[in-house]
Amino acid sequence: MNVSPTPNSFRNGPDERGHFGMHGGRFVAETLMPLIHELEAAYNDAKKDPAFKREMTHHLKHYVGRPSPIYFAERLTEEIGGAKIYLKREDLNHTGAHKVNNVLGQIMLARRMGKKRIIAETGAGMHGVATATLCAKFGLECIVYMGAVDIERQRPNMMRMNALGAKVVPVTSGSSTLKDAMNEALRDWVTNVGSTFYCIGTVAGPHPYPAMVRDFQCVIGDEVRVQMQEAEGRLPDSLIACIGGGSNAMGLFHPFLDDASVEIYGVEAAGHGLDKLHAASIAGGRPGVLHGNRTYLLMDKDGQIEEAHSISAGLDYPGIGPEHAWLHDVGRVNFLSATDDEAVEAFQQLCRIEGIIPALESAHALAKVPEIAAKKPKDHLMVVNLSGRGDKDLDSVAARLGGKI
Ligand SMILES: Cc1ncc(COP(=O)(O)O)c(C=O)c1O
């Protein structure tokens, strides 16, 4: 344990070796270690450079379209009848999700490091689309590993990546989903160490990725602090976001971790149910090592990684970012879960009463809003992270509803 379980600040981690409590770290092949060190040094250098920050801010404003609005969901609030519900509209970013915040940061870092070949893994395809987009913008080669199952359920995103000039490599090993795509990307990285930058899509992987991706996503929570002050004159009382690896959630949560009055909820995918196939690593996993870091993982009794399941390709991952694992251990974040059915119901509800089609991922967060918000007083301010838009999910939802949509 290198980070105290009762720290003065929940925002100080990780330690210099990348540990959040017992989680995180750097479990990689020897061939990758020099690259990881190179990346860490480049990131530390960029963080101190005002020009890097200035350029990021410029592109976030003019290319991504930030700040994304917060929207008071009046009819949802009325229907639920408790807390005042605001949505943070990451779905309105260029490329349609929060993923672009992190990709912009990593691509700018890759440019700084002189890397011309970018690889990425993708589940729902939103991270792949963001990576393909920024590679097109900056004239970089882009290869995206995507599970064959995910290619089927997120076909519109595969077409977007193709149109943007990226090469999408179908992955057919394991369950042909996100975990397997990440395995392939890591294999590519080991093979092409010199030329390649690996752009990871969530707060997972070896140090410094979890902290670096978190830092790039903190723009979400930083904006929410300012926007809620403007809208309501004070901080929100609760925050809620879905968790795949946990990057949209971490981006919203992190700037509020030291505000004791703010309740924080992360929602994992309970798939068919926690006693059946699911993707809820905190609810149903235990600590182990995968993809370069120690964290909660779905494992069988022999320590083999179990298949995860969620209707949502972006949540279909058998692990969770190590900082979330630690925030669970120290009790700062409450982890809940929502089933496929609950997510589809929440998806339909938001379409119907707010005119917003949410990503199925975000619908997991929305699914837990009624049970939390209904118990709160009317002056309770809740912010739900709407991490992405749901155009990509219409086929999946239609299939679930027997073709009726
Ligand atoms: C719209 C959207 N939300 C959430 C996620 C889950 O990722 P994370 O937990 O890193 O935010 C994804 C992943 O693809 C996504 O596309």
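I'd like to verify a number: residues in region 390-399 that are within 14 Å of residue 313 (Cα to Cα), assigned to a helix (DSSP H, G or I) and not acidic (Asp, Glu), how many?
Qualifying residue count, region 390-399: 4.
Taken over region 133-157, the residue count meeting the criterion of being touching a strand residue (DSSP E or B) at 6+ places or on another chain (Cβ under 7 Å) and within 14 Å of the ligand (Cβ to nearest atom) is 5.
Scanning region 215-243 for residues that are within 12 Å of the ligand (Cβ to nearest atom) and either out of contact with any helix residue (DSSP H, G or I) (no Cβ under 8 Å at 6 or more places or on another chain) or open to solvent by 10 Å² or more (accessible area, probe 1.4 Å) (or both) returns a single hit, 216.
When the test is whether a residue is surrounded by fewer than 24 Cβ atoms within 10 Å (Cβ to Cβ), within 16 Å of the ligand (Cβ to nearest atom) and in the same structural domain as residue 382 (by the TED database), residue 298 does not pass it.
Listed by first and then second residue, the pairs linking a residue in region 25-51 that is more than 21 Å from residue 203 (Cβ to Cβ) to a residue that is part of a loop (DSSP other than H, G, I, E, B) and of a type in the set (Asp, Glu), with Cβ atoms under 9 Å apart and 6 or more places separating them unless they lie on different chains, form an empty list. Could you say whether any residue in region 262-278 is open to solvent by less than 30 Å² (accessible area, probe 1.4 Å), within 27 Å of residue 11 (Cβ to Cβ), at pLDDT 95 or above and part of a loop (DSSP other than H, G, I, E, B)? Yes: one or more hits.
For residue 176, the conditions (1) open to solvent by 10 Å² or more (accessible area, probe 1.4 Å); (2) on the phi < 0 side of the Ramachandran plot; (3) of a type outside the set (Phe, Trp, Tyr); (4) more than 15 Å from the ligand (Cβ to nearest atom) all hold with the exception of (2). Residue 114 meets each of the listed conditions (1) assigned to a loop (DSSP other than H, G, I, E, B); (2) within 21 Å of residue 242 (Cβ to Cβ) apart from (2).
Considering region 290-389, the qualifying helices (runs of 4 or more DSSP H), each wholly inside and each with 3 or more residues that are over 19 Å from the mean Cα position of the chain (by Cα) and not basic (Lys, Arg), run over 340-354, 360-373.
The values are calculated or read from the model by the stated rules, or taken from the named source; none is laboratory data. Note that this is a predicted model, so its numbers are computed, not measured. Using ideal geometry, Cβ is built from the backbone for each residue, glycine included, and neighbour counts are taken over all protein chains shown. The area values use the complete protein model at the heavy-atom level, side chains included, leaving out ligands, DNA and RNA. Shrake-Rupley method; radii C 1.70, N 1.55, O 1.52, S 1.80 Å.
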